[in-house]
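The values are calculated or read from the model by the stated rules, or taken from the named source; none is laboratory data. Please read all numbers here as calculations on a predicted model, not as lab measurements. All Cβ positions, glycine included, derive from the backbone under ideal geometry; neighbour counts span all protein chains shown.
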């Protein structure tokens, strides 16, 4: 009974171990490939799904026009009415999506459609643009490399609600503010941003998101260059894993930037009165940036695939070198084994034609010298044929 119990315990333990291993693999798969949010069957439209680890919202309000600028951190959405002015552009930045109550209040104050609020809160959503009555919903995907997690690719959804004289931005994380350069332009009155409306502000923020793809791709480009050198000089399994991981990361970037291009193109062609003709010209420049990002991404993807081919060629060459070395060793020992096999046969030594060499006084020495002579002769022959040159080396044309 005890033995059977031990078997059962061991079986349960192994089963649990397999289950834990599968869960870890699934978790890794989730981190690598982000699936867009979808409602459970039967869920009521407009339902907000708040994640447990979602940060509490932080409300930053910026009112500005040609003459002045005011930045205020609101404690609650109700305070917005105190700072509301018809002659200013109001930019309310919501950093964090961890409170349904606050998000509902914002929806009531700005008369947001329930489906609009659902797309903003239930992340991640595919980048898109939806037009509602006197409002425009723009969903984008921002990417960056987390220095604290070994340059891991981090995705963040940024949603825009554009109104007649206001702009709402919803960010998942309050810890990393990608929009700080735009805030600085507003505070210091740089350029023409304070002379324009909320549509130009939306363009400036979207442009900063698109520009954020460049450092990510540049980092991947530098890593691809390093991997090219490693693949040629010293290919290892770690190099192969990194190439595979890099290909998946580039695929992720492609999934994010491709719909972004469609969104910006729709903004350019959209006939909504919320976007002026002068802003559409700037959006065309932003569209060109998305094309450049896609070109860079496709180039790096092709390089990643070519590096994989180079890796396979390097591994094949290394295997050929091993087979070459084994062939040389076998070729040297074949005649030696032949001689040892002949003189190892048990014939009568007293007969004149049955191996008289076995009776020689120095027969053993002669046999060893013959073996040594054959081995040295074969090594010299292989040397002249170039078999002992550096393995996997490529000769110059002048050699």
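Of the residues 157, 171, the single one that is without any contact (Cβ under 8 Å) to a residue 60 or more places away in the chain, out of contact with any helix residue (DSSP H, G or I) (no Cβ under 8 Å at 6 or more places or on another chain) and buried (at least 19 other Cβ atoms within 10 Å of the Cβ) is 157.
Is it the case that some residue within the stretch 283-301 is in contact with a strand residue (DSSP E or B) (Cβ under 8 Å, 6 or more places away or on another chain) and crowded, with 17+ Cβ neighbours inside 10 Å? No: zero hits. Quick check on my filter: what residues within the stretch 174-197 are surrounded by 16 or more Cβ atoms within 10 Å (Cβ to Cβ), assigned to a loop (DSSP other than H, G, I, E, B) and out of contact with any helix residue (DSSP H, G or I) (no Cβ under 9 Å at 6 or more places or on another chain)? Answer for the stretch 174-197, where residues must be surrounded by 16 or more Cβ atoms within 10 Å (Cβ to Cβ), assigned to a loop (DSSP other than H, G, I, E, B) and out of contact with any helix residue (DSSP H, G or I) (no Cβ under 9 Å at 6 or more places or on another chain): just 174.
If the condition is being more than 14 Å from residue 139 (Cα to Cα), in contact with a strand residue (DSSP E or B) (Cβ under 8 Å, 6 or more places away or on another chain) and surrounded by 20 or more Cβ atoms within 10 Å (Cβ to Cβ), then the stretch 198-217 contributes 198, 199, 201, 213, 216. Going through (1) surrounded by 14 or more Cβ atoms within 10 Å (Cβ to Cβ); (2) within 39 Å of the chain's Cα centre (by Cα) one by one, residue 306 falls short only on (1). Reported count of residues in the stretch 174-218, each being within 31 Å of the chain's Cα centre (by Cα), in contact (Cβ under 8 Å) with a residue 60 or more places away in the chain and over 18 Å from residue 73 (Cβ atoms), is 14. The condition of being modelled with pLDDT of 85 or more and more than 59 Å from the chain's Cα centre (by Cα) holds for residue 370.
One residue stands out among those in the stretch 94-149 that are assigned to a loop (DSSP other than H, G, I, E, B) and over 30 Å from the mean Cα position of the chain (by Cα): the one that is nearest to residue 81 (Cα to Cα), which is 110.
Just a yes or no: is a residue in the stretch 330-343 at pLDDT 85 or above and within 30 Å of residue 237 (Cα to Cα)? Yes, because at least one residue in the stretch 330-343 is at pLDDT 85 or above and within 30 Å of residue 237 (Cα to Cα). Only one entry in 78, 93 is at pLDDT 85 or above, closer than 28 Å to residue 252 by Cα and in the same structural domain as residue 178 (by TED's automatic domain parsing), namely 93.
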